[in-house]
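Okay, so here's the structure we're looking at.
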Amino acid sequence: MRTAIGFVIAMVLAGSMVWAQSTAQIQGTVLDSTGSAVPGADVKATQTQTGAVRNVTSGADGTYVLSNLPIGPYRIEVSKQGFTTYVQTGITL
């Protein structure tokens, strides 16, 4: 009986690991040059293989989360009026 239960648990865990590896997330905090949070910044993630784009705006504390992103290479662009646009390439999820 113990063997059957162990097998079922292993299969459930293996299934959830496969699902977990099909998407990922990018999270961070937008800060200015003094280290202060930048609320309302536009954060754009572009999957460079497909051209798919996801956008989010940083919160009051400068934080943002882009969740459920398909696995692959990304380019991140952060912009806000009055600030220099920041671009990061070579991100692989």
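Where a number appears in this text, it was derived from the coordinates with a stated rule and is not lab data. Just so it is clear, the model here is predicted, and its values are computed rather than measured. With ideal geometry, Cβ positions are generated from the backbone for all residues, glycine too; neighbour counts draw on all protein chains shown.
The table for this structure:
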quantity: Length gained when the stretch Ser33-Val53 is fully extended (0.36 nm per residue, less Cα-Cα span); calculated: 4.5 nm
quantity: Cβ-defined net charge surrounding Val87, 9 Å radius [Lys, Arg +1; Asp, Glu -1]; calculated: 0
quantity: Convex hull volume per residue in cubic angstrom - Cα atoms of the range 24-92; calculated: 81
quantity: Derived scalar couplings ³J(HN,Hα) [the range 57-69; Karplus, 6.51 cos²θ - 1.76 cosθ + 1.60; whole Hz; x for Gly, Pro]; calculated: 10, 5, x, 4, 9, x, 7, 8, 9, 10, 9, 6, 7
